[in-house]
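Colleague: Just dropping this structure here.
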Amino acid sequence: MSWANLKIRRKTPEQIEKMAASGKILADVFLEVRRLVEPGVTTGAIDQRLEEMIRDAGCVPSFKGYHGFPASACISTNEEVVHGIPGDRVLEEGDIVGIDIGLIHDGWHADSAETMAVGEVDPETARLLRVTDEALWQGIGEIGVGKRLSVIGTAIEALAREQDFAVVETLVGHGIGQKMHEDPQVPNYRCYSMPDPVMDEGLVIAIEPMINVGTKRVVTLEDGWTVVTADRKLSAHFEHTVAVTAEGPRVLTDRPRRTP
Ligand code: MG
Ligand code: MG
C-alpha cells in the first residue's frame, strides 16, 4: 500500500459550494433523463439529448473524449455493468439501463449514475435496483470525519451479500474535484489491498457500487469499453458525488430516489 503516494486534494468550503453547483446541474439532468427512458428509444438518442442539456447549462460533458470515449454518457443495459457506448440499441420493456454522466461546471466535476427500469421489470430485477441504490445510501451513511474510508465499502458489501448479490471489485469509486478521477480510490467492498485513509473534512468522493445478480466477475468486450458480467446476468450501478463535511456526508448530486 503506497500511502506516501496518495494525493488527496481536500476542498475548501467555497470549493465544495462550487462542486455543489455542478452537482445540482447534474441532478437536474438526471430528472430529465428519467423522462426519456422508455421502450422504443435508442441509447444514442438519450445521449444526444443529455449532451444538449449539459451544454445548454453552460457545462462540458466530461466523459466525451475521455481516453477517446465517443459519447457524453456511458449507457449500459442489462448484463452490461458500466462503460456502455450509446448507439443504435433500442430499449425494450423489461430492460434495465444504467446511465452514468459526468460534467464540468466552472472547472469542477460532478459524476453520478443511476440504473433505471424500462417500463415494467420483473420482481427480481426490481430487487436488484433497489438493493444497489440502498447499498449506495448505506455506504454514504457511514461517512464521517475521522472514520476510515473502508467503512463505505464494508457497508455496501454487507447489504449486497445479505441480499445474495455480488459486488464488482475490479471497478471502484474515486476522489473527484478539478479532475474527474483523483485519489483516493473508493472500493465498494472490504478491500485489504488499497490505501484506507481517514476521512477528513473537504474530502470529496464519487461512490459507485456495481452489484451483480450472479458472479462478481466482469469482462470487457471487444469494443474496448463495455464491461459486462462474466456470466451475462444482470448488473446495476448507482453513483453519487459526496463531500465529507463536519456535519456529515453532503450528497452533491442528490435528487429524489426512484427505484421500482
Ligand atoms: Mg460515473
Ligand atoms: Mg465515477
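Colleague: Hey, can you tell me all the residues within segment 143-169 that are within 15 Å of ligand 2 (Cβ to nearest atom) and assigned to a loop (DSSP other than H, G, I, E, B)?
Modeller: Within segment 143-169, just VAL168 meets the criteria.
Each row is one residue, and each column tells you yes or no for (1) surrounded by fewer than 21 Cβ atoms within 10 Å (Cβ to Cβ); (2) within 19 Å of ASN78 (Cα to Cα).
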| residue | (1), (2) |
| --- | --- |
| GLU142 | yes, no |
| ALA155 | no, no |
| LYS179 | yes, no |
| CYS191 | yes, no |
| GLU222 | yes, yes |
| VAL227 | no, yes |
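Colleague: If I ask for residues that are touching a residue at least 24 places away in the same chain (Cβ under 8 Å) and either touching a Lys or Arg at 6+ places or on another chain (Cβ under 6 Å) or assigned to a strand (DSSP E or B) (or both), which ones from segment 170-187 would you list?
Modeller: Those that are touching a residue at least 24 places away in the same chain (Cβ under 8 Å) and either touching a Lys or Arg at 6+ places or on another chain (Cβ under 6 Å) or assigned to a strand (DSSP E or B) (or both): GLY173, HIS174, GLY175, GLY177, GLU182, ASP183, PRO184, VAL186.
Colleague: So for segment 112-119 (the condition being buried (at least 21 other Cβ atoms within 10 Å of the Cβ), touching a Phe, Trp or Tyr at 6+ places or on another chain (Cβ under 7 Å) and part of a helix (DSSP H, G or I)), does at least one residue qualify?
Modeller: no
Colleague: If I ask for residues that are β-branched (Val, Ile, Thr) and outside any loop (DSSP other than H, G, I, E, B), which ones from segment 70-111 would you list?
Modeller: Correct list: ILE75, THR77, VAL81, VAL82, VAL90, ILE96, VAL97, ILE99, ILE101, ILE104.
Colleague: I would also like to ask the following. Yes or no: segment 129-139 includes at least one residue that is at pLDDT 95 or above, among the hydroxyl-bearing types (Ser, Thr, Tyr) and either out of contact with any Ser or Thr (no Cβ under 9 Å at 6 or more places or on another chain) or not in a helix (DSSP H, G or I) (or both).
Modeller: Looking for residues that are at pLDDT 95 or above, among the hydroxyl-bearing types (Ser, Thr, Tyr) and either out of contact with any Ser or Thr (no Cβ under 9 Å at 6 or more places or on another chain) or not in a helix (DSSP H, G or I) (or both), one finds none in segment 129-139, hence no.
Colleague: Mind listing whichever residues of segment 78-104 are more than 13 Å from ligand 1 (Cβ to nearest atom), among the β-branched types (Val, Ile, Thr) and buried (at least 21 other Cβ atoms within 10 Å of the Cβ)?
Modeller: The answer is ILE85, ILE96, VAL97.
The values are calculated or read from the model by the stated rules, or taken from the named source; none is laboratory data. All figures in this text were calculated on a predicted structure; none of them were measured in a lab. Positions of Cβ are generated from backbone atoms using ideal geometry, with glycine treated the same way; all protein chains shown enter the neighbour counts.
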